[in-house]
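J.: Would you mind keeping the following structure in view while I ask a few things?
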Amino acid sequence: MKLLIDDADVNAIRRLIDYYPIDGVTTNPTILARSGRSPFDVLGEIRSIIGPEAELHAQVTARDAAGMIEDGRRIAGELGPNTFAKVPSVPEGFKAMKALVSEGVKVTATAVYTPLQAYLAGKAGASYAAPYINRIDNMGYDGVAVACAIHDIFRANGIACNVLAASFKNSQQVLELAQYGVGAATVASSVIDGLVKNPAIDAAVDAFISDFEGLVGAGKTMA
Ligand code: E4P
């Protein structure tokens, strides 16, 4: 499972890229609005931080297919080859997905709440479909189960599309999808930090260091 950062905070992205094995960054219009900056300025800066090989996913904002296609072309044209235009999985979006894919633009189908949206997106040529795990949970359904069902539908039908699970609020949701082996998860910076935040881990590492310093002297290491 690839791991992406769902954020447009360039300082958080820089820090997480430095520490963790990160495959890319996703944004959405709400996340970009939070940055308070010009959208393509911040997206360009994110691209320069993550480098040309990492994935960058940016969302179209037009309401109709013609506008989504224009948005998608600009996103793909300005942000480098490993960029994906996120297109909502609604009727106008499916029309836009087919057109963008036929032009060679990589597409991530977003706003996915049901397996059938993802099925249509995969058939329209999207590279990823992004089910919103926590938002589905909040509706009283099971977000992880929806993501796993989508993964199975792609495999059962020979559809070359992967799950890019999104909207996480806790480590358990990430863990269950990693165990199932879905294609990718995009996770907010605070939730990525929480993946390894555990007092037992810190206590174990501290005990090793103090035992070792007891042998060789305070501040001394293996080097
Ligand atoms: C991804 O495609 C979504 O835009 C995003 O993950 C939604 O996350 P949220 O439910 O935390 O807003």
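Throughout, read-outs are computed from the coordinates displayed, never taken from laboratory work. Values in this document were obtained by computation on a predicted structure and should not be read as measured data. Cβ placement follows ideal geometry from the backbone for every residue including glycine, while neighbour counts extend to all protein chains displayed.
J.: Going residue by residue through segment 136-149, is there one that turns out to be over 21 Å from SER89 (Cα atoms) and of a type in the set (Ser, Thr, Tyr)?
T.: No - not one qualifying residue is present in segment 136-149.
J.: Kindly list, by first and then second residue, each pair from a residue in segment 163-175 that is on the phi > 0 side of the Ramachandran plot to a residue that is in a helix (DSSP H, G or I) and near the ligand (Cβ under 7 Å from one of its atoms), limited to pairs with Cβ atoms under 8 Å and residues at least 6 apart or on different chains.
T.: Taking only residues 6 or more apart or on different chains, the pairs are SER167/ASN134; SER167/ARG135.
J.: Could you please tell me which pairs satisfy a Cβ distance under 9 Å, a separation of 6+ or placement on different chains, a first residue in segment 102-120 that is on the phi < 0 side of the Ramachandran plot and in a loop (DSSP other than H, G, I, E, B), and a second residue that is away from the ligand (no atom under 16 Å from the Cβ) and of a type in the set (A, V, I, L, M)?
T.: Going by the 9 Å Cβ cut-off, the qualifying pairs are GLU103/ILE69; GLU103/ALA76; VAL105/ILE69; VAL105/ALA76; VAL105/ALA99.
J.: With the structure loaded, tell me whether VAL187 is of a type outside the set (Phe, Trp, Tyr) and within 12 Å of the ligand (Cβ to nearest atom) or whether it fails that test.
T.: Spelling it out, VAL187 is indeed of a type outside the set (Phe, Trp, Tyr) and within 12 Å of the ligand (Cβ to nearest atom).
J.: Starting from segment 123-143, take each residue that is over 14 Å from VAL182 (Cβ atoms) and list its partners that are of a type in the set (Ser, Thr, Tyr) and surrounded by 20 or more Cβ atoms within 10 Å (Cβ to Cβ), counting only C-beta distances under 7 angstrom and pairs at least six apart or across chains.
T.: ALA126/THR108; ASN134/SER167; ARG135/SER167
J.: Please work out which residue is farthest from the chain's Cα centre (by Cα), limiting yourself to segment 87-135 and to residues that are within 12 Å of the ligand (Cβ to nearest atom) and among the small types (Gly, Ala, Ser).
T.: Looking at residues that are within 12 Å of the ligand (Cβ to nearest atom) and among the small types (Gly, Ala, Ser), I get SER89.
J.: Quick one: would you say ILE5 is of a type in the set (Val, Ile, Thr), within 14 Å of the ligand (Cβ to nearest atom) and closer than 24 Å to PRO131 by Cα?
T.: yes
J.: When GLY67 is evaluated against the numbered criteria (1) away from the ligand (no atom under 16 Å from the Cβ); (2) touching a residue at least 24 places away in the same chain (Cβ under 8 Å); (3) out of contact with any Leu (no Cβ under 8 Å at 6 or more places or on another chain); (4) not aromatic (Phe, Trp, Tyr), which criterion, by number, is the only one it fails?
T.: With respect to (1) away from the ligand (no atom under 16 Å from the Cβ); (2) touching a residue at least 24 places away in the same chain (Cβ under 8 Å); (3) out of contact with any Leu (no Cβ under 8 Å at 6 or more places or on another chain); (4) not aromatic (Phe, Trp, Tyr), GLY67 is out only on (2).
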